[in-house]
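To keep things clear, I will list the structure first and then write my remarks on it.
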Amino acid sequence: MTERRAILSGSAFEEQIGYARAVVDGDWVHVSGTTGFDYATMTISDDVVEQAEQCLRTIGAALAEAGCGFADVVRVRYLLPDREDFEPCWPVLRRCFGEVRPAATMLVCGLADPRMKIEIEVYARRPLT
């Protein structure tokens, strides 16, 4: 039987909606769509680039708790309400994924809160030990 465990970030949304920031299932790590909220303070910047940086900090912490990192990401999805906001985020995204080159998709769609300008979801495979 494979290991399955939830990783929580402390977001109020996790409790209110009923989900985990990430789920480790054997070698795989599924990180939920992560927005630019600082979940410790439940605050969010108005700036999309700062939101992207916060998304990646939260995702990085979840990956680390799962026993892996950005180098292990195989799939990333970017969700943005405004397609014009994507390109300003590229340098931030490149810092985490430029060498890794995961499969990636960007979707334009509505997000749960109008303050949210980007949401990022990743799948990673933990390194063999």
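The values are calculated or read from the model by the stated rules, or taken from the named source; none is laboratory data. Source: prediction; values computed, not measured. In this analysis, Cβ positions are derived from the backbone assuming ideal geometry, glycine residues included, and neighbour counts consider all displayed protein chains. The area values use the complete protein model at the heavy-atom level, side chains included, leaving out ligands, DNA and RNA. Shrake-Rupley method; radii C 1.70, N 1.55, O 1.52, S 1.80 Å.
Look at Ile118 and say whether it is of a type in the set (Val, Ile, Thr) and either out of contact with any strand residue (DSSP E or B) (no Cβ under 6 Å at 6 or more places or on another chain) or open to solvent by 60 Å² or more (accessible area, probe 1.4 Å) (or both).
no
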Determine whether Leu63 is in contact with a Pro (Cβ under 6 Å, 6 or more places away or on another chain) and under 18 Å from Asp38 (Cα atoms).
no
Checking the conditions here, which among Ala20, Ala40 is crowded, with 16+ Cβ neighbours inside 10 Å and assigned to a loop (DSSP other than H, G, I, E, B)?
Ala20
Taking Val29 as meeting all but one of (1) more than 22 Å from Arg5 (Cβ to Cβ); (2) touching a Leu at 6+ places or on another chain (Cβ under 9 Å), write down the number of the exception.
(1)
Confirm whether Glu87 is free of Cβ contacts under 8 Å to residues at least 24 places away in the same chain, loosely packed, with under 12 Cβ neighbours inside 10 Å and of a type in the set (Asp, Glu).
yes
Among the residues of the stretch 90-101, count how many are surrounded by 17 or more Cβ atoms within 10 Å (Cβ to Cβ) and free of Cβ contacts under 8 Å to residues at least 40 places away in the same chain.
1
Filter result (closer than 17 Å to Val48 by Cβ and either open to solvent by less than 60 Å² (accessible area, probe 1.4 Å) or assigned to a strand (DSSP E or B) (or both)) within the stretch 105-115
Met106, Leu107, Val108, Cys109, Leu111, Asp113
Regarding the stretch 82-105, can at least one residue be identified that is within 13 Å of the chain's Cα centre (by Cα), over 20 Å from Gln16 (Cβ atoms) and basic (Lys, Arg)?
no
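Residues checked against (1) open to solvent by less than 70 Å² (accessible area, probe 1.4 Å); (2) outside any loop (DSSP other than H, G, I, E, B); (3) free of Cβ contacts under 8 Å to residues at least 40 places away in the same chain:
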site: Arg5; (1), (2), (3): no, yes, yes
site: Glu53; (1), (2), (3): yes, yes, yes
site: Leu56; (1), (2), (3): yes, yes, no
site: Ala64; (1), (2), (3): yes, yes, yes
